[in-house]
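Below is one structure, written out as structure tokens; comments come after it.
Here, each number is a calculation from the coordinates, and none is a lab measurement. Everything quoted here is computed from the prediction, not taken from an experiment. Neighbour counts are summed over all protein chains in view; Cβ atoms, including those assigned to glycine, are modelled from backbone coordinates with ideal geometry.
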Amino acid sequence: MLKVKSNILIMNKIVDKTAQQQFQKQKITLPIAPASFFAMTLGLAETGNAWRNATSLWHLPSYIGEVLEGLALLSFLWWLLLYCNKWIQHRKLAETEFNDPVQSSFLALIPESIILMAIAIHIYSQSIAISLFWIGSVLNLIYGAYKLSGLWTQERQTEHTTPSLFLTFTASILVNALAAGLLGYTNYGYVLLGIGTISWLIMDSVITQQLTVGGLGAKTRNFMGIYMAPAVILFVAYQVLC
């Protein structure tokens with residue numbers, strides 16, 4: 001009898017273990033995505049904003065701009081879910097990205113995306129838009145200050161000087177200024193515009209020197225598209241504030 005009972009217990013353990021393994025296999029595993037994928041949200045949102053302006057100027061179909069803004073919102077929620085999941089299930093990868101002197105610049109796209117979601121929503125709900133704006137704006141400034149303190153206190157190798165620096169210290173600040181003007185915070189917007197402009201002039205000289213003397217590595221040459229962004233955002237933000 002004891003032998004039979006022990007065999008039954010062993011069989012039950014085997015069945016339980018097999019069931020657990022099958023359950024683990026059936027679990028949905030989310031993909032790992034870098035923070036740079038938030039650039040897709042930026043592209044959709046900014047194209048949607050441009051189409052909204054084109055609608056009023058050239059009487060183009062308005063629904064296209066709203067579809068683009070809706071896709072931007074969906075993409076933001078999706079990438080935010082993947083990024084949060086990375087910190088939960090793949091913490092080492094998330095920490096490596098956060099501490100990387102180049103890749104960490106793309107984390108500035110997260111608060112910038114929140115600000116762009118505020119712009120997307122403001123024609124439907126001013127209160128939600130304002131809440132999103134202040135969340136994104138504060139996170140934008142906190143992260144920028146944190147990264148700036150690192151530039152002052154830590155050594156930086158020349159190959160780490162890439163146009164991605166504009167994301168943290170210039171482009172996101174100028175988008176912040178643009179949204180502030182659009183939502184009626186004009187004085188605050190001018191302060192942000194000043195910060196972004198001074199940062200652009202300083203960073204542009206540093207990055208231009210690196211491009212002239214040292215160049216960019218093979219993996220960072222595609223960052224040149226970022227180099228053209230600050231000037232455009234600066235003048236659009238200035239137009240909104242004026």
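For the range 190-199, what does the Karplus curve 6.51 cos²θ - 1.76 cosθ + 1.60, with θ = phi - 60°, yield as ³J(HN,Hα) per residue in whole Hz, taken in order and with x for Gly and Pro?
Karplus values, whole Hz, x for Gly and Pro: 5, 4, 5, 4, x, 4, x, 5, 4, 4.
Which semi-axes, in whole Å and largest first, does the equivalent ellipsoid of the range 91-178 have when worked out from the alpha carbon gyration tensor as the square roots of 5 times its eigenvalues?
Here the semi-axes work out to 28, 13, 11 Å.
Under 10 Å, Cα contacts only: if you run a Gaussian network model on the chain, which one of Leu93, Leu141, Leu71 comes out with the highest mean-square fluctuation?
It is Leu93.
Mean separation of Cα pairs under 8 Å and 6+ residues apart, divided by the residue count of the chain: what relative contact order is that in percent? Walk me through the numbers before you get to the answer.
Details: 264 pairs, mean separation 39.4, N = 242.
It rounds to 16 percent for the chain.
Could you check the simple spin-label distance between Cys242 and Asn53, using points 7 Å along Cα→Cβ, in nm with one decimal?
According to this spin-label approximation, the distance is 1.3 nm.
Any idea what the alpha-carbon Rg over 2.2 N^0.38 Å comes to for the chain? Write down the numbers at each step before the final one.
On the way: Rg = 23.4 Å, N = 242, 2.2 N^0.38 = 17.7 Å.
Compactness ratio reported: 1.32.
To test your reading of the geometry: what angle, between 0 and 90 degrees and rounded to tens, separates the Cα axis of helix 172-182 from the longest principal axis of the chain?
70 degrees
Please sort 57-65, 234-242, 169-177 by packing, taking for each peptide the average over its residues of neighbouring beta carbons within 10 angstrom, highest first.
Sorting 57-65, 234-242, 169-177 by mean packing, highest first, produces 169-177, 234-242, 57-65.
As a test of the formula, what do you get for the chain when each DSSP H run with n ≥ 4 contributes -39,500 (n - 2.57) and the sum is divided by the residue count, at 222 nm and rounded to the nearest 500 deg cm²/dmol? Mind dumping the intermediate values first?
On the way: 10 runs with 180 residues, N = 242.
It lands at -25000 deg cm²/dmol.
Using the beta-carbon distance between Ile64 and Gln126 and R0 = 25 Å, what value does 1/(1 + (r/R0)^6) give for FRET efficiency, to the nearest 0.05?
After rounding to 0.05, the efficiency reads 0.60.
Straight-line reach from Lys147: which aspartates and glutamates have Cα under 19 Å away, leaving out those fewer than 8 places along the same chain?
Glu95, Glu97, Asp100, Glu112, Glu155, Glu159, Asp204
Hey, quick one: spin label on Met228, modelled 7 Å out along Cα-Cβ, who in the range 200-215 has an amide N within reach, i.e. under 15 Å?
none
Please compute the alpha carbon radius of gyration of the range 98-233, then divide it by the globular-protein estimate 2.2 N^0.38 Å. Two decimals is fine.
1.08
May I ask you to evaluate 6.51 cos²θ - 1.76 cosθ + 1.60, the Karplus curve with θ = phi - 60°, for each residue of the range 90-97 and list the ³J(HN,Hα) values in order in whole Hz, giving x for glycine and proline?
After applying 6.51 cos²θ - 1.76 cosθ + 1.60, I find 9, 4, 4, 5, 5, 5, 4, 5 Hz.
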